Each structure stands twice: as C-alpha cells, then as structure tokens.
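Structure, as structure tokens:
Values in this text are rule-based calculations from the coordinates and carry no lab data. None of the values given here were measured: they were computed from a predicted structure. As a convention, Cβ positions derive from the backbone with ideal geometry for all residues, glycine included, and neighbour counts pool all protein chains shown.
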Amino acid sequence: MADNNTLNFDLDAPATPTLTLDPAEDLAAPQPQKQVAPDPQAVRLSPEEQAMVDSFAQKIDITNSQQVLQYGSACQKKIGDFSEAALAKVSTKDLGEVGEMITDLIGELKNFDAEEEEKGLFGFFKKKSNQIAALKSKYDKAETNVENIQSMLEGHQVQLLKDIAMLDKMYELNMAYFKELSMYILAGKQKLADVRTGVLQQAMEKARTSGLPEDAQAARDLSDQCERFEKKLYDLELTRNISLQMGPQIRLLQNNNSMMAEKIQSTIVNTIPLWKNQMVLALGLAHSQQAMQAERAVTDMTNELLKKNADALKMGTLETARESQRGVVDIETLQQTNKSLIETLDELNKIQTEGRAKRAAAQQELTRIEDELKQKMMEIRN
C-alpha cells in the first residue's frame with residue numbers, strides 16, 4: 001500500500017485529460033482548467049476535447065495487437081496509482097488520536113475541583129492558606145497539561161488543513177482522469193463502430209464473394225480483433241467506474257477532516273479560554289470564601305471571648321460579694337477557738353493541781369528521807 005506521505009501520482013500535474021497511443025510518451029499538457037463533476041452516464045466535452053477525440057479515433061489501429069494491449073493503459077496506470085494513494089489516505093487517516101486528545105482535555109477539566117471542605121476553627125488560617133496553595137498548584141498542573149494538549153491539537157489542525165487542500169487537488173485530478181478515460185472510451189467506441197460498419201463489413205463481403213479461405217480468415221481475424229478491442233474498452237469502463245467512486249470518497253474524507261478541524265478550532269478558541277476564565281473565577285471565589293470564613297472565624301472567636309469573659313466576670317463578682325459580707329473571723333472559728341482555749345485552761349489547771357499534789361507528796365517523801373538519813377547518821381556517831 002502506498003505511503004500517504006509519498007503518493008504515486010503528481011499532485012502538481014495539470015488536471016487536463018490527454019490522449020496517447022504510447023504509454024511511455026511524455027506529452028506536454030495544456031494549462032489546467034476547472035472541471036465539472038463526472039456524469040456516470042455521459043461526459044460533457046468541450047469542442048476542443050471532442051475534436052481531440054475525433055482526431056485520436058482516426059489514429060487507432062485495431063489490427064495492431066500491441067497498440068490494443070496498451071490502449072488507455074497510461075491513464076489506467078494513473079488511476080491505479082491515484083486510487084492506491086487515495087485509499088491509503090482514507091485507511092490510514094487516524095482521526096481517533098484527535099478525538100482522544102479532546103477526551104483527555106475534557107477529563108483534565110473535570111479533574112479540576114475547586115470545592116473546599118471546612119474542618120473547624122483551630123488552625124483555620126494556616127489550613128485555608130494551604131488549601132488555596134493546593135488549589136493554585138492543581139490549577140497550574142491542569143493548565144500545563146491543557147496547554148500541551150492545545151499545542152498538539154494545533155499541530156493536528158495545521159496538518160488537517162494541509163490535507164484538505166491536498167484533497168481538493170486530488171479531486172480535481174480524479175475528475176481529469178475520469179474525463180481522460182471517458183475520452184479514450186469514446187474514441188475507442190467511435191473507432192470500433194467505424195471498423196465494424198466499414199472495414200469489417202468489406203472484409204466479410206470480400207470473403208463471401210471470393211470464397212477464398214484466406215479472405216475468410218482475414219475477416220475472422222479482424223472480427224476477433226474487434227472483440228478484443230471491445231473487451232479492452234470494457235476494462236477501461238471498469239477503471240472509469242473506480243475513478244467515479246473515488247470522487248465521493250475524497251469528498252467524504254475531506255468533509256471528515258473539515259469537521260475535525262472545526263472541532264479543534266472550537267476547542268482552542270472557545271473551550272480552553274472558557275475553562276481558563278472559569279478557573280480564574282474559581283480561584284477568585286476561593287479567595288472570597290477564605291476572606292468570608294476568616295471574618296466569620298474572627299467574629300465567632302470574639303463572641304466566644306466575650307461570653308467567657310462575661311461568665312468569668314459574673315463568677316468573680318459573686319465571689320467578691322460573698323467574701324465582702326464575711327467578718328474578719330467567722331463566729332464558728334471564734335467558737336472553736338474559745339472551746340479550745342477553755343479546754344486548754346482546764347487541762348492546765350488539772351496539770352497544775354496534779355503537779356502540786358505530786359510536789360506535796362514529794363516534799364513529804366523528801367522530809368522522811370531526810371529524817372531517816374539524819375537518824376542513821378546519829379546512830380553512826382554513837
């Protein structure tokens with residue numbers, strides 16, 4: 001199969017039909033002219049082209065086997081190369097890659113989520129700052145991916161536009177080949193009709209008149225040559241039908257390329273800028289929400305502090321009032337102190353009484369001991 005980048009036909013060749021009995025002959029072609037769409041039943045020829053057909057028909061020699069074999073083969077070769085290249089273009093053209101890029105772009109846009117989740121007041125400012133930074137980082141990453149996809153899409157769009165221009169040339173060449181084949185067929189049919197109504201009839205009449213075997217064989221050979229030439233014209237008609245089918249195929253491919261190029265253009269000039277605008281709005285909204293939530297947090301904290309301070313002030317005032325109503329010493333404390341003092345005095349009197357009794361007893365004992373000692377000393381002196 002032909003490479004769709006290296007076609008087997010010359011796109012710069014003039015889109016003008018030419019007729020030749022020698023496939024290898026390099027004829028100088030006239031300047032290209034605008035072609036009309038091919039008609040499968042008939043081909044409209046200009047007076048110059050009709051004159052070319054009439055003149056060419058006179059040059060055809062049905063008795064020349066080599067000429068019959070090569071008749072129209074140059075145009076058939078061009079049609080064959082052209083068809084191979086065009087079909088290769090149709091079969092190898094991959095618009096799926098562009099579709100995948102657009103799908104990836106949509107996925108990238110869907111993956112960007114600017115929603116924030118509230119998680120309380122503690123660490124609010126640090127948390128919100130981190131969330132905004134994460135949102136910006138996510139946007140930067142998505143924007144980089146989108147720009148890469150946009151760059152590739154632009155490259156594909158340029159290639160598609162080149163292909164559309166090339167397909168226009170291909171369509172023009174195909175119509176020229178179609179007309180050229182039709183002119184070969186018209187010239188061949190004209191020559192075939194002339195031979196069958198002229199030379200062949202004369203040869204058959206001569207064979208009948210002379211009765212000679214060589215005249216009969218000559219008439220038979222000429223009839224066979226007419227049959228072979230008619231078969232050759234039928235082959236050319238089949239080739240022309242291929243050329244006829246190529247026109248809609250080229251236009252279909254061209255239409256596909258145009259629609260894809262338009263879709264890429266819409267994505268580049270509409271979808272991507274719109275997405276970027278929405279991302280700017282999302283970031284602005286995130287900043288606004290951050291400021292609003294920060295203000296809410298400050299207000300809530302202020303209210304909380306006021307409530308706590310009011311409760312503390314209430315408790316402090318009540319405690320102060322209670323303390324201010326107390327005496328320097330509580331009556332209970334005085335009662336307890338007085339009770340303890342009385343008990344102390346009672347214990348002290350008891351201890352003093354017991355002390356005096358013990359001292360009196362001790363005094364008596366000391367007196368006895370002293371008397372006993374004196375008595376004993378007197379006894380020793382005697």
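Which residues, counting only those in the stretch 287-308, are more than 23 Å from Ala133 (Cβ to Cβ) and not acidic (Asp, Glu)? Working first, answer last.
Filtering the stretch 287-308 down to residues more than 23 Å from Ala133 (Cβ to Cβ) leaves 299-308.
Thr299, Met301, Thr302, Asn303, Leu305, Leu306, Lys307, Lys308, listed by residue number.
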task: Determine the pairs where a residue that is more than 16 Å from Thr18 (Cβ to Cβ) and touching a residue at least 24 places away in the same chain (Cβ under 8 Å), located within the stretch 48-67, has a partner that is part of a helix (DSSP H, G or I) and among the aromatic types (Phe, Trp, Tyr) with Cβ atoms under 7 Å apart, the partner being 6 or more residues away or on another chain.
output: Ile62/Phe229
query: Of the residues Val146, Val158, which single one is farther than 30 Å from Arg44 by Cα, β-branched (Val, Ile, Thr) and surrounded by 19 or more Cβ atoms within 10 Å (Cβ to Cβ)?
result: Val146
task: Please work out if Glu205 is in a helix (DSSP H, G or I) and surrounded by 15 or more Cβ atoms within 10 Å (Cβ to Cβ).
output: no
query: For the stretch 55-72, how many residues are assigned to a helix (DSSP H, G or I), among the small types (Gly, Ala, Ser) and either on the phi > 0 side of the Ramachandran plot or buried (at least 19 other Cβ atoms within 10 Å of the Cβ) (or both)?
result: 1
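For residues in the stretch 228-265 being among the β-branched types (Val, Ile, Thr) and out of contact with any Asp or Glu (no Cβ under 8 Å at 6 or more places or on another chain), which is nearest to Met183 (Cα to Cα)? Talk me through it step by step, then tell me what you get.
Step one: of the stretch 228-265, the residues among the β-branched types (Val, Ile, Thr) are 239, 242, 250, 264.
Cutting the leftovers down to out of contact with any Asp or Glu (no Cβ under 8 Å at 6 or more places or on another chain) gives us 239, 242, 250.
Details: Thr239: 13, Ile242: 16, Ile250: 23 Å.
Result: Thr239.
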